[in-house]
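Structure first, commentary second.
Where a number appears in this text, it was derived from the coordinates with a stated rule and is not lab data. Everything numeric here is computed off the predicted structure, so don't read it as measured data. Counting neighbours? That spans all protein chains shown, and the Cβs are built from the backbone with ideal geometry, glycine included.
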Amino acid sequence: MQALNKKTIEDIRPAGVRVLVRCDFNVPMSGGKIDDDKRIVESLPTIKYLVDAQAKIILCSHLGRPKGEFNPKYSLAPVAERLTELLGRPVIMAEDVIDADAKAKAAALQDGEIMLLENVRFHKEEEKNDPGFSKALASLAEVFVNDAFGTAHRAHSSTAGVADYLPAVGGFLIGKEIKIMGDALSNPKRPFTAILGGAKVSDKIGVIMNLLDKVDALIIGGGMAYTFIKSQGGQIGSSLCEDDKLDMAREIVEKAKAKNIRLLIPIDHVIADDFSNDAARDTCFGACIPDGWQSLDIGPETRQLFAGVIKQAKTVVWNGPMGVFEFENFANGTKEIAKAVADSGAISIIGGGDSAAAIEKLGFADKVTHISTGGGAALEFLEGLVLPGVDCLQEKDKKSCPVCSSEKTKFGKLAGSAELRSIDPGLGSSELLFMFCADCGQVVSTVVAEPDKIN
Ligand code: AMP
């Protein structure tokens, strides 16, 4: 978490302490079975660290969109089972989130034991960041660890709200994500190339604008490229286009020119007469896609051009597919760009979502530096936005108790159970009060008070 100077799990003393850990266990499931446990595996370092440190561990997460109601389809029970297998130790499953069963199980936890609360989105208050719900969740524990990068761009109770009531620090996964992406943005090895694709330019304008201040080359592919091509006077047939963003696309092209940034857009296209895998297809060179045809993938010349630039890069950030990769006949552009990124030898960061899925499906996951666990969160981070789930964590250099490192919470008292003691009557009509930390006994602050206000 160095990049943002936030406290991490290594800045707390978790032994014997109830620690509420927000994980991202929002895993793909079918028929009650977990299809891909990557997100569970990614949260193991934080959980294992807390087990070794003999904390009392209370895990929580959302899964899917249960719309604020209990629904067994979205129960986290299969995650508890998978965690039990991966950790080789039992994970106690709570029947609810903040109700009687969760409270009783949290209270009974022994040092080093782990429990998992039910899906936080079984309560509609979660997504509203309701203070009452946040407080109830916080009351189960004494410290909050946020390790859910995938939901860090959401200001929900379990991702940010609880930090109003508990000292909050980051876990290893969230720390890794922020360090790698933060370093790439703030101090990239050059040349730094960003590759952006996907459907809509409107979704990525913020990212493009932020990256234009940082990159040496910007590659634009996928459906969003056709708004750029049309903005430069090209014929795009019925390819995807956002007509209300043509001016914005022109502005981006001008800005890139002014900053001497290489902006690359497709020079040839795999076109189709229908939005379907089985549509008639052809390859079209130049910005002259005939009426009735749409581009669903970048063409072979474009792939070569893009791959050449990627090969020279020392840092690559990629978000968004180069075409409709869900259709096998239009997946080759995305596949070749994935291969170019994997073979580049550059520091390579895949910003979650479809590009992460493509890299993994093609077996290149081990050849890239980092695949983000958060699609939306990675995009917002690349956009330079403040993520609420990170913003709520304590600053590393914030004044805290010099010995036990507790901080003031919104309850208005010191988390480390400090107490006031009167020491020195004899300052005339006033008294000097010393505030001690009850954990360590050291003076935290001094106050001069009127005698009648002292009890
Ligand atoms: P996004 O969520 O914005 O990253 O967009 C991903 C989606 O963009 C995928 O579902 C792709 O099928 C779609 N996409 C990529 N290229 C094109 C294209 N040329 N035409 C239409 N859709 C595309």
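The alpha carbon gyration tensor of the range 190-345 gives principal lengths a ≥ b ≥ c with a/c of 1.5 or higher and a/b no greater than b/c, which makes the shape oblate. Values of log10 I(q)/I(0) for the range 291-348 across q = 0.21, 0.30 Å⁻¹ run -0.77, -1.23, by the Debye formula with one identical scatterer at each alpha carbon and no solvent. The phi torsions of the range 229-246, fed into the Karplus equation with coefficients 6.51, -1.76 and 1.60 and a -60° offset, translate into couplings of 5, 5, 5, 9, x, x, 8, 10, x, 9, 4, 3, 7, 10, 4, 6, 10, 5 Hz, rounded to whole numbers, with Gly and Pro shown as x. The convex hull defined by the C-alpha atoms of the chain has an orientation-averaged projected area of 26.1 nm².
Please work out the FRET efficiency for the pair residue 128 and residue 267, using the Cβ-Cβ distance as r and a Förster radius of 45 Å; give the result to the nearest 0.05. With R0 = 45 Å, the Cβ-Cβ based efficiency is 0.40. Computed from backbone phi, the HN-Hα couplings of the range 320-327 come to x, x, 7, x, 7, 5, 5, 8 Hz, rounded to whole numbers (Karplus: 6.51 cos²θ - 1.76 cosθ + 1.60, θ = phi - 60°; Gly and Pro given as x). For the cross-link pairs 103/396; 48/179; 38/230; 48/335, the ones whose C-alpha atoms lie over 28 Å apart are 103/396; 38/230; 48/335.
Put a dot 7 Å past the Cα of residue 190, heading toward its Cβ, do the same for residue 108, and the two dots end up 6.2 nm apart.
Here the 3J(HN,Hα) profile of the range 142-152, calculated from phi with Karplus coefficients 6.51, -1.76 and 1.60 at θ = phi - 60°, is 10, 9, 10, 10, 9, 10, 9, 5, x, 10, 5 Hz, Gly and Pro shown as x. Full extension of the segment from residue 73 to residue 253, taken as 0.36 nm per residue of separation minus the current Cα-Cα distance, would add 60.1 nm. A Förster radius of 56 Å combined with the Cβ-Cβ distance from residue 15 to residue 274 puts the calculated FRET efficiency at roughly 0.35.
Once amide H atoms are built 1.01 Å from N in the peptide plane, which residues 5 or more positions from residue 91, or in another chain, come under 5 Å H to H? When sequence neighbours closer than 5 places are left aside, the close amide H contacts are 84. Summing +1 for each Lys or Arg and -1 for each Asp or Glu among the other residues whose beta-carbon sits under 12 angstrom from that of residue 103 gives -2. The alpha-carbon of residue 200 sits under 13 angstrom from the alpha-carbons of these aspartates and glutamates, leaving out residues fewer than 8 places away in its chain: 242, 243, 244. For the pair residue 362 and residue 311, a Förster radius of 25 Å applied to the C-beta separation gives a FRET efficiency near 0.90, rounded to the nearest 0.05. Over all pairs of different C-alpha atoms in the range 1-152, the reciprocal of the mean inverse distance, the Kirkwood hydrodynamic radius, equals 15.5 Å. Bridging of residue 259 to aspartates and glutamates at a Cα separation below 16 Å is possible for 213, 216, 251, once same-chain residues fewer than 8 apart are set aside.
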